[in-house]
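See structure below.
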Amino acid sequence: MPIPISSTPSLNKEVFAQIRPDFLDFAKKPEIMDWMVGIRRKIHENPELGYEEFETSKLIRAELDLMGIPYKYPVAVTGVVGYIGTGKPPFVALRADMDALAMEELVEWEHKSKVPGKMHACGHDAHVAMLLGAAKMLQEHRNDLQGTIVLIFQPAEEGGGGAKQMLDAGALDNVDAIFALHVSNKLPIGVVSSRPGPILAATSSFEAVINGKGGHAALPQHTVDPILAASNVIVSLQHLVSREADPLDSQVVSIGKFQGGGAFNVIPDSVTIGGTFRTFSKESFVQLKQRIEEVITKQASVQRCNAKVIFYENSSYPVCFNNKELHEHFRKVAGEMLGVQNVVEAVANMGGEDFAFFSEVIPGLFFFLGMKNETQGPVQSSGHSPYYMVNEDVFPYGAALHALLATTYLSENPPKHTSPPEGSFHDEL
C-alpha cells in the first residue's frame, strides 16, 4: 500500500491569498460537473487512435473558442496548445493526452464506444475533460494570473511518441515547468500519489525474425528448426535480468509475441518473436538493448539459424522522472486541497509514459489521481482492459488540482527580470 507522507508544511498563506477562487468547490458545481461529464462521454463514444484524433481535437478547439482561449493548431498533426494569462513569463504547462486504444469495448452502457475495435481504455477521455474543466476555471480568473498557463492537448501517447513530436514542434518553447495526471483505480477517490525521481520506466519494444529451413516434422534432420532456436532465445533472454543485471537495478525483458508455423507436422521456415524491455536508468537501457540483440543473433546461430532484430524507436520512451522541487510543490498544494493524509508516496513501476519526453527537457511532475469508489461496485483495476471504466466523480478533483498547481506555481515563481530585453521572449497571446 502507498505510504502517507508524514509532514507537509503549509504553503505561504500570502500565496494562497492571491488565489481567490476555491477551485474544488467551483469544479463540484453541478453545471461544471455535468459539462465535464458530457465532454468525456462525447469523446468516449468516438475514440480515435494516435495521430487520428481529429474529431477529439475539433471538440477541444470548439470549447476553447467558447471560452475565449487562444490556441495553436495543428501541433504534431492533431495536438492543440492553448494559452491563458498574460502571455509573458513565467510559463507553466498542464498536459492531457487524447488518444484511444485499438480494442473492442465490452462494457455495456449508454455511452459505449460507437467505433468498432477502438476504445478509451486508459482514461485519456477523462484527462481531456478535466483539463478543459481547469481551463474554464483559469480563464475566469485570467486577470489574476501572474504569468501564462499553457494547455497541452497531446496526441498519440499510446506508443506513438506524441510528446516527442510536440516537443519538436515547439509546444514547450519558453515553458519553465509542466504537470500531468493519470487516473488510477488503485487509489481511493480524493487521494493522489507521486514521488520524486523516477516514477515510470524507460521502455522500448523489439521484434526478431529467426530464419531456418522448414520441412516435415518427421524428418527434423533435413531441417534447420527455427522454433527450437526461438525457444532457446527466449530462455536466454530471461538470463539477462536474472544473471547480468544488478538485483537493485530494476529491469524487465518480456516476450509477448511468438508466431511460427501453421501445421502440427510441419517445421516452418521462420519464426517471429517480439517483446518489450524496461529499465530505470539510461545506462541500463543502452546496455540491455545491446545484449538483447547479441543474445538473439548468437543464440540463433548456435541452432544454425540466422536472426534479424528490429527495435521500434517510435515506441521507445525515456525514464519518466519527477523533479524534486516540483514534487515538493505538488505535495504542498495537494495537501492543502485534499488533506495531508490523502497525499501518498507512489511506488515506482515498470510502466512507461511519453510524458517522459517532456520531463527530460524541462522540470516535470507526473502524478496519479485516485478514482476508486468501492460503494459503486467493483471497478476494473487495470487500464488497457476492454472492461475499463472511469469513475466520473473524480473530475472535480483533477480539474481543481490542475488549476491550483499551475496558479500557485506562477505565484511562487515570479519573472526573473521585471523588464526583459526586447525579443527575449514572444507574447503567446
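A straight line joining the Cα centroids of the stretch 168-221 and the stretch 117-165 runs 20 Å. Would you be so kind as to identify which of Thr297, Ala229, Phe311 lies farthest towards the positive end of the dipole of the stretch 202-317, taking Lys and Arg as +1 and Asp and Glu as -1 on Cβ and the Cα centre as origin? Among Thr297, Ala229, Phe311, the one farthest towards the positive end of the dipole of the stretch 202-317 is Ala229. Positive-end ranking of Met137, Cys122, Thr148 along the dipole of the stretch 112-154, with charges on Cβ about the Cα centre, is headed by Cys122.
Note on Asn349 and Lys58: their simple-model spin labels are 3.6 nm apart, each label 7 Å out from Cα toward Cβ. Each principal axis of the Cα cloud of the stretch 208-250 was evaluated for its coordinate range; sorted largest first, these ranges are 47, 17, 10 Å. Helix 282-302 versus the longest principal axis of the chain: what is the Cα-based angle in degrees, 0 to 90, to the nearest 10? The two axes meet at around 20 degrees.
Going from most exposed to least, what order do Leu405, Leu101 have by accessible area with a 1.4 Å probe? Don't skip to the answer; put the middle values down first.
Values: Leu405 0, Leu101 25 Å².
Ranking Leu405, Leu101 by accessible area, largest first, yields Leu101, Leu405.
A Cβ-based charge dipole, computed about the Cα centre of the stretch 202-317 with Lys and Arg at +1 and Asp and Glu at -1, lands at about 160 debye. The convex hull of the Cα atoms of the stretch 167-249, projected and averaged over all directions, covers 12.1 nm².
3J(HN,Hα) along the stretch 248-256, derived from phi through the Karplus expression 6.51 cos²θ - 1.76 cosθ + 1.60 where θ = phi - 60°, amounts to 8, 10, 4, 9, 9, 10, 10, 9, x Hz, with x in place of Gly and Pro.
Extension gain, Lys28 to Ala217, is 61.3 nm, computed as 0.36 nm per intervening residue step minus the present C-alpha separation. Taking the Cα centre of the chain as origin and assigning +1 to Lys and Arg Cβ atoms and -1 to Asp and Glu Cβ atoms, the resulting dipole is close to 700 debye.
Comparing Thr203, Gly215, Phe330 along the charge dipole axis of the chain, the residue lying farthest to the positive side is Gly215, per the Cβ-charge model.
The modelled label-to-label distance between Glu412 and His239, using points 7 Å beyond Cα along the C-beta direction, is 5.0 nm. Using only alpha carbons, the chain has a radius of gyration to Kirkwood radius ratio (Rg to Rh) of 1.04.
Do any of Lys186/Lys257; Lys186/Lys289; Lys58/Lys324; Lys164/Lys332; Lys257/Lys308; Lys29/Lys88 go past 25 Å between their Cα atoms, and which? From Lys186/Lys257; Lys186/Lys289; Lys58/Lys324; Lys164/Lys332; Lys257/Lys308; Lys29/Lys88, over 25 Å: Lys186/Lys257; Lys186/Lys289; Lys58/Lys324; Lys164/Lys332; Lys29/Lys88. Put simply, the convex hull of the Cα atoms in the stretch 89-244 casts, on average, a shadow of 17.0 nm². Please compute the contact order of the chain in relative form: average sequence separation of alpha-carbon pairs under 8 Å and at least six residues apart, divided by the residue count, as a percent. Relative contact order comes out at 26 percent.
In this structure, the amide hydrogen of Leu101, modeled 1.01 Å from its nitrogen in the peptide plane, lies closer than 5 angstrom to those of Met119, His120, Ala121, counting only residues at least 5 positions away or on a different chain.
With the other protein chains left in place, how much accessible area per residue, in square angstrom, belongs to the chain at a 1.4 angstrom probe?
Numbers: 18940 Å² over 429 residues.
I get 44 Å² per residue for this part.
Spelling out what I want: for every residue of the stretch 152-161, take phi, set θ = phi - 60°, compute 6.51 cos²θ - 1.76 cosθ + 1.60 (Karplus), and round to whole Hz; glycine and proline get x. Each residue's phi maps through the Karplus curve to give 9, 9, 9, x, 6, 7, 7, x, x, x Hz.
For the chain, with all protein chains in place and a probe radius of 1.4 Å, 53% of the accessible heavy-atom surface sits on carbon or sulfur.
Taking θ as phi - 60° and the Karplus parameters 6.51, -1.76 and 1.60, the scalar couplings of the stretch 87-99 work out to x, 10, x, x, 10, 10, 10, 10, 10, 9, 8, 10, 7 Hz in sequence order, x denoting glycine and proline.
Once the Cβ-Cβ distance of Lys72 and Tyr312 is raised to the sixth power relative to R0 = 22 Å, the FRET efficiency obtained is 0.15. What is the sum of charges around Pro196, taking Lys and Arg as +1, Asp and Glu as -1, for the other residues whose C-beta is under 10 Å from the C-beta of Pro196? Local charge sum for Pro196: 0. In this rough spin-label picture, where each label sits 7 Å from Cα along the Cβ direction, the Asp173-Lys282 distance is 2.5 nm. Hey, what angle do you get for helix 324-338 against the long axis of the chain, alpha-carbon based, 0 to 90 degrees rounded to 10? Taking Cα atoms only, the helix is inclined about 60 degrees. If you take all other residues with their beta carbon under 14 Å from the beta carbon of Ile273, and give Lys and Arg +1 and Asp and Glu -1, the sum is 0. Per the Debye formula on identical point scatterers at the alpha carbon atoms of the stretch 202-317, with no solvent, log10 I(q)/I(0) at q = 0.16, 0.19, 0.23 Å⁻¹ is -0.71, -0.92, -1.21. Sorting 335-345, 314-324 by average packing, meaning the other beta carbons within 10 Å per residue, from highest down gives 314-324, 335-345.
The values are calculated or read from the model by the stated rules, or taken from the named source; none is laboratory data. As the structure is a prediction and not an experimental result, all values here were calculated from the model. Note: ideal-geometry Cβ built from the backbone for every residue, glycine included; neighbour counts use all protein chains shown. When the accessible area is computed, the model is the full protein with side chains, heavy atoms only, and any ligands, DNA or RNA have been set aside. Shrake-Rupley method; radii C 1.70, N 1.55, O 1.52, S 1.80 Å.
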